1. Hey, could you check segment 26-57 for residues that are touching a residue at least 40 places away in the same chain (Cβ under 8 Å) and in contact with a Ser or Thr (Cβ under 8 Å, 6 or more places away or on another chain) and say which is surrounded by the fewest Cβ atoms within 10 Å (Cβ to Cβ)?
2. How many residues are out of contact with any strand residue (DSSP E or B) (no Cβ under 7 Å at 6 or more places or on another chain) and either aliphatic (A, V, I, L, M) or under 13 Å from Gly15 (Cβ atoms) (or both) when one looks only at segment 59-76?
3. Those residues that are small (Gly, Ala, Ser) and either in a helix (DSSP H, G or I) or under 17 Å from Asn38 (Cβ atoms) (or both), I need them from segment 56-101; list them, please.
4. Can you pull out every residue in segment 22-56 that is at pLDDT 90 or above, aromatic (Phe, Trp, Tyr) and more than 16 Å from Ser99 (Cβ to Cβ)?
Amino acid sequence: MMNMIYANIGTFTSGVYNPPVSVVVNNVHIPTYSTRVNITVAPEHMKYVIGVKGYYFNAITHCSGALYIWYHKDIGVVEIVGFPGTLADAETRLKSRMSCIGKKQYTKQRDIEWPVLS
């Protein structure tokens with residue numbers, strides 16, 4: 001049986017930056033890795049990318065196997081923490097979500113600025 005302990009996860013508080021620095025598996029410390037993804041939507045639309053109470057970030061984290069996702073709004077990047085095999089999957093899912101939100105916001109803005117005349 002494999003026991004996994006995430007460093008810093010025990011002190012997790014929603015809305016507070018505290019990524020895991022390592023994972024302990026059978027008493028062996030395994031370091032985590034991180035990547036940063038530039039946002040591709042307007043900063044004011046990131047709330048739709050993240051979702052209510054982090055719904056979409058949690059879904060991306062869970063589905064990709066990443067350990068942690070955090071939006072650094074002061075520098076306009078999303079940090080993904082995990083293992084090498086999970087980072088690319090999480091990044092792809094995040095970019096897909098941003099693309100979807102970007103298209104929806106563009107369509108809404110276009111409809112406001114250029115209404116269809118009948």
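The values are calculated or read from the model by the stated rules, or taken from the named source; none is laboratory data. Worth saying up front: this structure is predicted, and the values here are computed from it rather than measured. Please note: Cβ atoms are built from the backbone with ideal geometry, for glycine as well, and neighbour counts cover all protein chains shown.
1. Out of the qualifying residues, it is Ile30.
2. Final tally of qualifying residues: 3.
3. Hits for segment 56-101 are Ala59, Ser64, Gly76, Gly85, Ala88, Ala90, Ser96, Ser99.
4. Tyr55
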